[in-house]
Amino acid sequence: MADAEIIPLGTHGRPGRGTGKAPSSAARGLAGGTGGSRPVRKKKPAEESPVPAEESVVSAERASGDVPAVTTRERHPLRGIPAADWAAALDSAAKEVFGADWEPQLARFLAFLRRRLTGDYAVDDYGFDRELTERFFHALLRPVKEKWFRIDVRGIENIPTQGGALVVSNHSGTLPVDGLMTMVTIHDHTGRDLRPLGADLVFKMPFVGMLARKGGATLACNEDAERMLCGGELVGVWPEGFKGIGKPYSERYKLQRFGRGGFVSAALRTGVPIIPLSVVGAEEIYPLVGNVPALAKVLGLPYLPITPFFPLLGPLGMIPLPSKWLMEFGEPIRTDTYDAGAAEDPMLVFNVTDQVRETIQQTLYSLLMQRQSVFR
Amino acid sequence: MAERADRPTGAGRVVLVTGVSRDVGRRFARAAADHPAVERVIGVDVVPPRGDIGRMSFVRADIRNPVIAKVIAKEDVDTVVHLSVIATPGSTGGRTMMKELNVIGTMQLLAACQTAPSVRQLVVKSTTTVYGASNRDPAMFTEAMEPRRTPYGGYAKDVADIEAYVRGFARRRPDVCVTTLRCANVLGPRVDSPLAAHLRLSPIPTVLGFDPRMQFLHERDLYGALEHAIRAAVPGTFNVAGDGLLTLSQVARRLQRPTVPLPGFAFAGIGGVLRRARLAEYTPELRSFLTYGRGVDTSRMRDELGFTPTYSTAETLDDFASTLTPTGGRAVGLLDELERHLPASTRTQLKTVRAGAAPALSGGRHG
């Protein structure tokens with residue numbers, strides 16, 4: 001075999017077309033000067049320069065001082081990159097992220113982005129932003145539901161696929177995490193949006209109130225409850241309220257008083273079924289071992305929790321304990337069999353309230369019996 | 001629609017309009033004067049109107065003194081349209097004067113109407129501000145609901161008082177058809193109101209951590225509603241607002257205006273600065289509205305009054321936005337630029353996505 005002939009390629013870092021003597025016209029053009037390259041050659045011959053071509057020319061020109069220099073400083077880091085390059089980068093990134101089906105995915109994402117930026121999306125009467133909730137809130141909460149609390153759901157078939165219904169649940173856990181988890185669980189299993197009813201304090205707090213409305217909540221009052229139920233929404237109430245959520249750890253799984261039964265009269269007036277929901281596991285996420293009533297009063301809060309880790313560990317103490325959750329939806333309690341004036345009969349309202357409360361309490365006990373341990 | 005036996009006949013009506021020195025009153029009176037069913041329009045105010053008054057005849061009178069009774073009797077007025085309820089003390093010289101004009105003026109006007117047998121109909125422009133705005137509000141106020149907190153002063157208190165006097169008048173003169181229109185915030189290219197001034201600011205100050213829901217009524221729909229109320233003669237109180245709701249963040253994005261969120265206490269402070277600079281005026285009612293927002297149910301307006309606004313809330317805002325120069329919208333510009341450089345196939349996809357999944361914002365009917 002004959003020796004391979006070596007064909008020189010490139011300029012080996014020297015300006016010009018491989019002669020190594022004079023910078024080519026292209027290189028001079030890059031340098032930005034017209035006649036400036038002549039003195040350069042005299043002062044600093046290219047053969048001696050170990051640095052790459054363009055830079056050497058530029059530094060030489062700066063040294064000579066008579067030619068306007070092109071420096072990296074004159075370029076804005078972002079302005080220099082044309083939008084076409086951004087588009088190309090996005091293009092390849094899209095292929096990377098969305099896979100083969102990237103084009104419609106990207107198109108949908110850009111359309112979504114445009115809608116959000118131009119405000120061209122709809123909110124309903126209560127300020128519910130469905131798009132934001134499903135794309136953002138649920139996406140954030142879903143991993144918590146599946147990986148952290150590992151929620152076990154039973155009796156989901158008791159939730160009607162359409163029409164108004166009232167989900168009544170026990171409330172626990174110092175912060176209303178159980179409400180958020182119930183929302184995302186119901187949405188994932190049935191595709192329906194649970195519309196929670198919140199205390200007026202929720203809507204007084206900045207950010208909390210705003211996010212609650214965007215997430216579909218509204219004030220727990222008869223007007224709103226009946227309006228939502230008439231509109232065929234799936235409404236969620238936690239009748240224990242702050243008494244339930246802020247009860248000490250020693251009283252866990254003991255249902256508190258069920259408000260004044262306002263939720264029952266709303267269901268009776270609209271004739272929608274009541275679905276009792278029992279949640280086990282939420283009691284253990286932030287075990288409330290102490291309370292500072294005086295400070296809570298100053299801050300205008302119903303209670304100021306002290307848990308084994310909060311405020312001891314600061315923000316770390318706000319991470320909920322990874323308890324295992326069980327959620328059981330009970331048989332719907334029908335309210336359309338009562339007379340028209342049933343909602344005005346306090347005795348009947350109390351009876352139905354007790355019936356719902358007892359159902360939830362009994363289910364809580366049986367779920368607790370089935371649970372192996374708090375965290376498993 | 002309830003036909004009344006003593007319903008005023010369409011032809012040759014004599015309409016008295018109060019508050020014609022301000023734009024809303026003047027424009028309505030002018031339009032009413034051109035209406036074929038109207039014989040004469042008499043505009044009343046303490047100061048002469050600034051613009052073209054058309055065929056309206058202007059009487060310079062103060063509704064706070066009994067002269068107004070003579071005007072009604074002499075001109076044989078059968079329809080009274082009360083529009084002179086003012087929202088801000090700004091131009092009138094203090095809160096005392098504003099209360100005087102609003103409450104005492106209405107009392108005198110109603111007293112004059114009560115003694116005038118010729119009066120057959122009274123239309124009062126009220127406002128949804130009577131419902132207040134707080135964290136305890138239901139999502140949608142119906143006409144039967146009361147404000148959750150009794151207004152302690154200012155415009156809301158004035159309007160509550162005025163409505164109480166109007167109800168009293170309706171009881172004492174059952175033969176007069178009394179219609180009260182509780183109008184949502186009126187917006188339009190020419191409208192000059194505290195809220196319009198607020199939305200014309202750039203950047204728009206907002207209350208940190210709150211995103212109030214808002215409803216708007218187009219200026220033309222306000223005139224339409226007043227005209228409809230006179231023509232239909234349905235007694236009662238009605239909420240009047242465009243379809244749908246927008247949150248303030250949506251409003252700012254649609255106006256392409258940047259916002260500057262301020263904590264609640266700072267928002268109250270900046271109100272004073274802006275008032276001194278004559279840029280905007282924040283009454284306590286407007287402040288609470290910009291914090292908690294408000295929604296009103298308009299099903300009675302549709303079903304009983306039989307009025308349908310031509311502009312939805314979003315369309316009203318778009319019409320208002322057409323007169324503003326956008327000062328923000330940089331993010332949208334970037335998005336435009338980006339989309340222009342996408343490959344052609346992606347752009348076609350984008351077009352189909354946008355055409356297919358256009359959100360139903362303008363069409364949706366809200367009760």
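The values are calculated or read from the model by the stated rules, or taken from the named source; none is laboratory data. Quick caveat, the model's predicted, so the values are computed rather than measured. Virtual Cβ from ideal backbone geometry, glycine too; neighbours counted across all protein chains shown.
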May I ask you to verify whether B:Ile204 is away from chain A (no Cβ under 13 Å) and either over 19 Å from the mean Cα position of the chain (by Cα) or modelled with pLDDT of 95 or more (or both)?
no
Selection count where residues are surrounded by 17 or more Cβ atoms within 10 Å (Cβ to Cβ), under 27 Å from B:His218 (Cβ atoms) and not basic (Lys, Arg), scope segment B:240-271
17
It is to be established whether one or more residues within segment A:249-258 are within 14 Å of A:Asn351 (Cα to Cα), in a loop (DSSP other than H, G, I, E, B) and free of Cβ contacts under 8 Å to residues at least 40 places away in the same chain.
yes
B:Ala144 passes all but one of the listed conditions (1) more than 22 Å from B:Pro284 (Cα to Cα); (2) more than 14 Å from chain A (Cβ to nearest Cβ); the exception is number (2)
Segment A:178-200 residues that are without any contact (Cβ under 8 Å) to a residue 24 or more places away in the chain, paired with ones that are surrounded by fewer than 19 Cβ atoms within 10 Å (Cβ to Cβ) and of a type in the set (Lys, Arg) (beta carbon under 8 Å, 6 or more apart):
A:Asp200/B:Arg136
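Across segment B:230-266, what is the number of residues that are touching a Ser or Thr at 6+ places or on another chain (Cβ under 8 Å), in a helix (DSSP H, G or I) and within 13 Å of chain A (Cβ to nearest Cβ)? If you could, list the steps in order and put the result at the bottom.
Initially, segment B:230-266 is screened for residues touching a Ser or Thr at 6+ places or on another chain (Cβ under 8 Å), giving B:230, B:233-246, B:248-249, B:252-254, B:256-262, B:264.
If we keep only those that are in a helix (DSSP H, G or I) as well, we get B:230, B:248-249, B:252-254, B:264.
Next, only the ones that are within 13 Å of chain A (Cβ to nearest Cβ) stay: B:248-249, B:252-254, B:264.
So the count comes out to 6.
To keep it simple, each residue is scored yes or no on (1) touching an Asp or Glu at 6+ places or on another chain (Cβ under 9 Å); (2) within 17 Å of B:Val353 (Cβ to Cβ); (3) more than 10 Å from chain B (Cβ to nearest Cβ).
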site	(1), (2), (3)
A:Trp102	yes, yes, no
A:Asp125	yes, no, no
A:Leu141	no, no, yes
A:Arg154	yes, no, yes
Scan of segment B:62-76 for residues that are at pLDDT 85 or above and buried (at least 22 other Cβ atoms within 10 Å of the Cβ), ordered by number:
B:Ile68, B:Ile72
If B:Asp158 satisfies every condition in (1) surrounded by 20 or more Cβ atoms within 10 Å (Cβ to Cβ); (2) under 20 Å from the mean Cα position of the chain (by Cα); (3) over 16 Å from B:Leu286 (Cα atoms) but one, which is the exception?
(3)
Yes or no: B:Leu342 more than 14 Å from chain A (Cβ to nearest Cβ), farther than 30 Å from A:Leu219 by Cβ and aliphatic (A, V, I, L, M)?
no
On the basis of being part of a strand (DSSP E or B) and surrounded by 19 or more Cβ atoms within 10 Å (Cβ to Cβ), does B:Val59 make the cut?
no
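Do the conditions hold for A:Pro308, that is, is it assigned to a loop (DSSP other than H, G, I, E, B) and more than 27 Å from the chain's Cα centre (by Cα)?
Numbers: assigned to a loop (DSSP other than H, G, I, E, B): yes; more than 27 Å from the chain's Cα centre (by Cα): yes.
So A:Pro308 fits the description; yes.
Return the only residue of B:Ala277, B:Ala252 being of a type in the set (A, V, I, L, M, F, W, C) and without any contact (Cβ under 8 Å) to a residue 40 or more places away in the chain.
Numbers: B:Ala252 fails: without any contact (Cβ under 8 Å) to a residue 40 or more places away in the chain.
After ruling out the rest, the residue left standing is B:Ala277.
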Just a yes or no: is a residue in segment B:281-289 within 14 Å of another protein chain (Cβ to nearest Cβ), farther than 24 Å from B:Asp319 by Cα and of a type in the set (Ser, Thr, Tyr)?
yes
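Take B:Glu39 and decide whether it is at pLDDT 90 or above and buried (at least 16 other Cβ atoms within 10 Å of the Cβ). Reasoning before the result, please.
Values: at pLDDT 90 or above: yes; buried (at least 16 other Cβ atoms within 10 Å of the Cβ): no.
No, not satisfied.
Identify the residue in segment B:141-177 that is part of a helix (DSSP H, G or I) and of a type in the set (Ser, Thr, Tyr) and, among all such residues, is farthest from A:Arg227 (Cα to Cα).
Kept after step one, since they are part of a helix (DSSP H, G or I), are these residues of segment B:141-177: B:154-172.
Of the ones still in play, those that are also of a type in the set (Ser, Thr, Tyr) are B:155, B:165.
Numbers: B:Tyr155: 29, B:Tyr165: 31 Å.
Here the answer is B:Tyr165.
Quick grid of which residues meet (1) part of a helix (DSSP H, G or I); (2) under 30 Å from B:Phe141 (Cβ atoms):
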{"site": "A:Val272", "(1), (2)": "no, yes"}
{"site": "A:Leu288", "(1), (2)": "no, no"}
{"site": "A:Pro315", "(1), (2)": "yes, no"}
{"site": "A:Met327", "(1), (2)": "no, no"}
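So is A:Gly341 within 20 Å of A:Met181 (Cβ to Cβ), in the same structural domain as A:Pro276 (by TED's automatic domain parsing) and either exposed (fewer than 14 other Cβ atoms within 10 Å of the Cβ) or of a type in the set (Gly, Ala, Ser) (or both) or not?
Numbers: within 20 Å of A:Met181 (Cβ to Cβ): no; in the same structural domain as A:Pro276 (by TED's automatic domain parsing): yes; either exposed (fewer than 14 other Cβ atoms within 10 Å of the Cβ) or of a type in the set (Gly, Ala, Ser) (or both): yes.
Judged against the criteria, A:Gly341 is not a match.
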